[in-house]
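The values are calculated or read from the model by the stated rules, or taken from the named source; none is laboratory data. Since this is a predicted model, take the numbers as computed values, not measurements. Heads up, the Cβs are rebuilt from the backbone with ideal geometry, glycines too, and the neighbour counts pull from every protein chain shown.
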Amino acid sequence: MNTRENGPDQEPVIRDKRKIDPETGKARETAAGGAEEQAPPQAAPADGAAAPTGDIADDLAERTRDLQRLQAEYANYRKRVERDRVAVREQATAAALAELLPVLDDIGRAREHGELTGGFAKVAESLEGVVTKLGLSAFGAKGDPFDPTVHEALMHSYSPDVTEPSCVEIFQPGYRMGERVIRPARVAVAEPAEPGAAEGEAAAQAEAPADPEPGGPGSGSDDN
């Protein structure tokens, strides 16, 4: 169809058939002069139509809670598995290090007697370096306060040189790996002398009757 309705020599006529005026934004009037009819509003849903929407929302909320619960359980499971893995690894390492303690004791005694020389010294240093990297550390020294959780008392005595129960002799050093005690230190413990013990002993000696002199009264000798 030719768009030039007024003839071939005239300019084409362009008709704007848009129903909404782009300038005012209002509905344009039809050619008959009346406003264009707007689309009728949708009928309100019946009473039974709203039920599915509520059920879907409830199902969605329930599924969301289930998902959150599963995520929390999985996170706790991962933490528990990692914690158990670390505990098993520490137990295995501690068991292996416990088997090496007698060797470390022999190295310590050889060092005390000046026998740790030559190639044996290099081997001993390498072994001590390895167990140190694995977290093993020795403890127990003269003068340390006695702690029954990490010390094993083999001897007990009293001494005026200490003010609290202390380790005065180390028979065998203790070893720990982190906070885990692999072997307690075997020690001799000394406690402070009981108050008044020396005074009581001196008083007891002073109250004891003196031995009678030979030939004196009460000696049982007869001058006749």
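If the condition is being hydrophobic (A, V, I, L, M, F, W, C) and touching a Gly at 6+ places or on another chain (Cβ under 7 Å), then the range 139-166 contributes Phe139, Val150. Among residues of the range 102-114 that are basic (Lys, Arg), those with a beta-carbon under 9 Å from a residue that is surrounded by 15 or more Cβ atoms within 10 Å (Cβ to Cβ) and assigned to a helix (DSSP H, G or I) at least six positions away or on a different chain give the pairs Arg111/Ala124.
You will find that of Glu90, Glu112, Glu99, Glu37, the residue that is among the acidic types (Asp, Glu), exposed (fewer than 10 other Cβ atoms within 10 Å of the Cβ) and modelled with pLDDT of 90 or more is Glu99 and no other. Of the numbered criteria (1) surrounded by 12 or more Cβ atoms within 10 Å (Cβ to Cβ); (2) modelled with pLDDT under 95, the one Tyr175 fails is (2). Condition (residue is of a type in the set (A, V, I, L, M, F, W, C), farther than 30 Å from Ala190 by Cβ and part of a loop (DSSP other than H, G, I, E, B)) applied to the range 129-147: is it met by at least one residue? Looking for residues that are of a type in the set (A, V, I, L, M, F, W, C), farther than 30 Å from Ala190 by Cβ and part of a loop (DSSP other than H, G, I, E, B), one finds at least one in the range 129-147, hence yes. All told, Thr149 meets the bar of being within 24 Å of Pro102 (Cβ to Cβ), surrounded by fewer than 13 Cβ atoms within 10 Å (Cβ to Cβ) and not aliphatic (A, V, I, L, M).
Looking at Ala188, Ala138, Ala124, can you tell me which residue is closer than 19 Å to Glu99 by Cα, in contact with a Phe, Trp or Tyr (Cβ under 9 Å, 6 or more places away or on another chain) and either at pLDDT 95 or above or crowded, with 17+ Cβ neighbours inside 10 Å (or both)?
The conditions single out Ala138.
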